[in-house]
1. Using mean Cβ contacts within 10 Å as the protection proxy, how do 138-144, 109-115 order, highest first?
2. Using the number of other C-beta atoms within 10 angstrom as an exposure proxy, rank Leu146, Leu159 with the fewest first.
3. Please compute the net charge surrounding Ala28, taking Lys and Arg as +1 and Asp and Glu as -1 over other residues with Cβ under 10 Å from its Cβ.
4. Which whole-Hz couplings ³J(HN,Hα) result when phi for each residue of the stretch 54-62 is put into the Karplus expression 6.51 cos²θ - 1.76 cosθ + 1.60, θ = phi - 60°, listed in order with x for Gly and Pro?
5. Which residues' amide hydrogens lie under 5 Å from the amide hydrogen of Asp74, considering only partners 5 or more residues apart or on another chain, with H built in the peptide plane?
6. Would you kindly derive the ³J(HN,Hα) couplings of the stretch 28-44 from the backbone phi angles with the Karplus curve 6.51 cos²θ - 1.76 cosθ + 1.60 (θ = phi - 60°), listing them in order in whole Hz, with x for Gly and Pro?
7. List the residues, sorted by chain then number, that are 5 or more residues from Gly116 or on another chain and whose placed amide H is less than 5 Å from its amide H.
8. Hey, can you grab everything whose amide H is under 5 Å from the amide H of Leu155? Only 5+ residues off in sequence or another chain; H modelled, so Pro and N-termini drop out.
Amino acid sequence: MRIVTLAIAWVAASGLVWADSCQEVLEAVEAPQRLKTRGKPKRARWEKVDEVLADVSRQLESRECEFTFRQLFDVREKDQVLFPITNSVLRLSPDGVFEGLTIFMPEGDALGDFAGRFRYERSGGLQVGKSYSLTIFQYRGADGQLHSSGHDLLLDRFLVRWSEIEGRTAFKASDTEVSQ
């Protein structure tokens, strides 16, 4: 019994977690959460997407977990739904998750193919003494030119097909990523 207790203490001290602790996170946030849609074409509601990602981030503590979009969200009409690339989705998803995906407008028109994500620091304005990090992305339009998502809140201004993203990694956290 003492060996088991020491082993558990060592695992806790080392930052490692038992394999099922990531499952506990999913259970705590009641994932997969059903996503309702709005509009035509059908778009998953960005508010619920950001709420679930925020809940997962809070639940992780110092755990190292990786979840697919399918593990976090339940979408009923898979082939018909467009999924929003919100600021939270863009910030919390791992590099490369959007590579090769077509970006759509809320009306359903294709804008182009995802071309990369960029983080940068911004300061000034009302918060002169503080800086904060922003994440934007670029896509290559049909004209071959790179276009930026801009510096505004993304909400549901840019979308991807659920059927193309559901199996990709939505959230990958290590000790350093969770604390940021």
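Values quoted throughout were computed directly from the atomic coordinates according to the rules given, and no laboratory measurement underlies them. Only a predicted model underlies this, so the values are computations on that prediction, with no experimental measurement involved. With ideal geometry, Cβ positions are generated from the backbone for all residues, glycine too; neighbour counts draw on all protein chains shown.
1. Top to bottom by mean Cβ count within 10 Å: 109-115, 138-144.
2. Numbers: Leu146 12, Leu159 26.
Ordered by Cβ neighbours within 10 Å, fewest first: Leu146, Leu159.
3. -3
4. 3J(HN,Hα) across the stretch 54-62, in whole Hz: 5, 4, 4, 4, 5, 6, 5, 6, 10.
5. Distant-sequence amide H within range of Asp74: Gln33, Arg34, Leu35.
6. Here the 3J(HN,Hα) series is 5, 8, 6, 8, x, 7, 6, 9, 7, 10, 9, x, 10, x, 5, 10, 4 Hz.
7. Sorted by chain and number, the residues that satisfy this are Gln138.
8. Asn87
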